[in-house]
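Inspection log for the structure reproduced underneath, given as structure tokens.
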Amino acid sequence: MTLLLKGARPYGEDAVDILVKDGVIAAIGESLSTTADTIDATGLVVLPGLVDLHTHLREPGREDTETVLTGSRAAALGGFTAVHAMANTDPVADTAGVVEQVWRLGNDAGLVDVVPVGAVTVGLGGEQLAELGAMADSAARVRVFSDDGKCVSDPALMRRALEYVKALDGVVAQHAEEPRLTVGAQMHEGDRSARLGLTGWPAVAEEAIIARDVLLAEHVGARLHVCHVSTAGSVELIRWAKSRGVQVTAEVTPHHLLLTDAQAEGYDATFKVNPPLRTAEDVAALRAGLADGTIDAVATDHAPHAGEDKECEWSAARPGMLGLEQALSVVVDTMVDTGLLTWREVADRMSVRPAQIGRLAGQGRPIAVGEPANLVLLDPSARAVVDPAALASKSRNSPYAGRELPARVVHTLLRGELSVLDGKVQK
Ligand SMILES: [Zn+2]
């Protein structure tokens, strides 16, 4: 298959034509011509296809809220060409069999590369290491291991997990939450939680685990990845660890870059999430950390939930919110339109670095001749109000409902094939 993209702007720079042939970028230049299909990409910014380190696809187990196919559609529409599927499914992805099942479902959907994350401990139980080597050696080639949703809180077990993944060239992605400090927690601990009468989730519960884990990673000489960093103190700890040469990377979610704990005022459980939305000072520190590279990546923590698990009393609701379809728009809103990131830096934080952290050889590559044609083309001047009913996800728990956001994904290409054409998913 051959396709010519006319007048696209790589990294927002000068317009060029990009010829895609047999899954790779075959030529880049001015006034290229072809007898094959041509797409008018005038004015569109083209970036390497986005890579998400943190997606909950809910299959197997909760196919009523999302499947690998519906989540793949949402991802492609968001401009992603690869997503890491978190392990907290039912059954848990803690064996070669389950990760291969998810990997095959992703191949069958064929819209994005679905990269399974393997659980660190059996059943996310936090007591016994899962078969990390078997998952790494499986067809799914697992390199990212996480008990996300739960913290690997036992320090001896965390140390052993780091030792194992080091030998596999893998990484432990830690959901940093000291469970003894968050019993019954409902929202960020502060003045507002006291006034609203909701049990607080203190910043120190996240920071204490990050401090411990960067020291363990340094001691073992292994790679550590910190999921969904949410506090200013966490950014400081990671900055300090990197300055010491610790092999630590970190991600921030779109919602933590945009929203604050003020969203809890209306008791709308759409805004209940773990870790919780924090203060405006935390949001500013997260944006600064992403801008200066202390935080390596944006990851969605896309967490679909059924209506009955969200349209209920705050304390009974499940934590989590949708993210795949609006991630790029939120990053444009919070980081590009504010002058904090260039388009090339957006590509770095949303494609290049996440692909490196996940050891995905064919993703996060430069827009250059001979490279895989994993691309997203977006209209930076478009603006739209988010309508949850129009989302491809099977769930509706978007924290951006009714909010106007900039930028629209127009086309997405996975190895030269259009997964999204003119804003419409192709499968
Ligand atoms: Zn988590």
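Per-structure values
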| read-out | value |
| --- | --- |
| Kirkwood hydrodynamic radius of region 203-302, Cα pairs, Å | 13.7 Å |
| Mean ellipticity per residue at 222 nm, deg cm²/dmol - from DSSP H runs of n ≥ 4 across the chain, formula -39500 (n - 2.57) | -7500 deg cm²/dmol |
| Amide H partners (placed H, <5 Å) of GLU189, local residues excluded | TRP201, ALA203 |
| Tensor-based shape of region 359-398 (alpha-carbon gyration tensor, a/c under 1.5 rounded, otherwise prolate or oblate) | oblate |
| All-pairs Cα distance distribution in the chain, expressed in whole percent, bin size 20 Å | 28, 60, 12, 0 |
| ³J(HN,Hα) computed for each position of region 181-193 - Karplus, 6.51 cos²θ - 1.76 cosθ + 1.60, integer Hz, glycine/proline x | 9, 10, 4, x, 5, 10, 7, 3, 7, x, 4, 5, 5 |
| Residues CYS312 and VAL183, FRET efficiency given R0 of 22 Å [Cβ-Cβ distance, rounded to 0.05] | 0.60 |
| Given charges at beta-carbon only (K, R positive; D, E negative), |dipole| of the chain in Debye | 460 debye |
| Length-normalised contact order of the chain in % [C-alpha pairs under 8 Å, at least 6 apart] | 20 percent |
| Nearest-ten-degree value, helix 280-292 long axis tilted from longest Cα axis of the chain | 50 degrees |
| Given charges at beta-carbon only (K, R positive; D, E negative), |dipole| of region 22-80 in Debye | 160 debye |
| Amide proton proximity set for MET321, modelled H, under 5 Å, gap of 5+ | ALA303 |
| Long-range amide H partners of ARG62 with built H, under 5 Å | ASP90 |
| Sulfur and carbon atoms: percent of accessible area, the chain [1.4 Å] | 49 percent |
| Normalised contact order of region 329-427, rounded percent, pairs of Cα under 8 Å and 6 or more residues apart | 25 percent |
| Förster-model FRET efficiency, 51 Å R0, TYR267 and ASP14, C-beta, rounded to 0.05 | 0.55 |
| For region 107-202, Kirkwood radius (reciprocal of mean inverse C-alpha pair distance, Å) | 15.1 Å |
| Phi-based couplings in Hz for region 353-369 (Karplus 6.51, -1.76, 1.60; Gly and Pro marked x) | 5, x, 5, 5, 4, x, 6, 9, 5, x, 10, x, 8, x, 7, 8, 4 |
| Within region 386-427: backbone nitrogen closer than 17 Å to the ALA36 label point (7 Å, Cα to C-beta) | 412-421 |
| Helix axis angle, 232-243 relative to the chain longest principal axis, alpha carbon, degrees | 70 degrees |
| Accessible area per residue, Å², the chain with all protein chains present, probe 1.4 Å | 37 Å² |
| Of all DSSP beta bridges in region 1-47, antiparallel share, percent nearest 5 | 60 percent |
| Fraction of antiparallel bridges per DSSP, the chain only, in percent to nearest 5 | 50 percent |
| Percentage relative contact order, region 68-170, counting C-alpha pairs under 8 Å, at least six apart | 27 percent |
| Residue of LYS394, LYS310, LYS242 that the Gaussian network model of the chain assigns the largest fluctuation, springs spanning Cα pairs under 10 Å | LYS242 |
| Normalised per residue, the volume of the convex hull around the Cα set of region 17-91 (Å³) | 125 Å³ |
| Using θ = phi - 60° and Karplus 6.51 cos²θ - 1.76 cosθ + 1.60, couplings along region 220-230 (whole Hz; Gly, Pro as x) | 7, x, 10, 8, 10, 10, 9, 6, 4, 4, 10 |
| Projected label distance in nm at LYS424 and GLU281, using a 7 Å step from Cα toward the beta-carbon | 5.1 nm |
| Ratio Rg/Rh [Cα only; Rh per Kirkwood] for region 1-154 | 1.12 |
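The values are calculated or read from the model by the stated rules, or taken from the named source; none is laboratory data. Quick caveat, the model's predicted, so the values are computed rather than measured. Please note: Cβ atoms are built from the backbone with ideal geometry, for glycine as well, and neighbour counts cover all protein chains shown. Quick note on the areas: whole protein, heavy atoms, side chains included, nothing else; ligands and nucleic acids left out. Shrake-Rupley method; radii C 1.70, N 1.55, O 1.52, S 1.80 Å.
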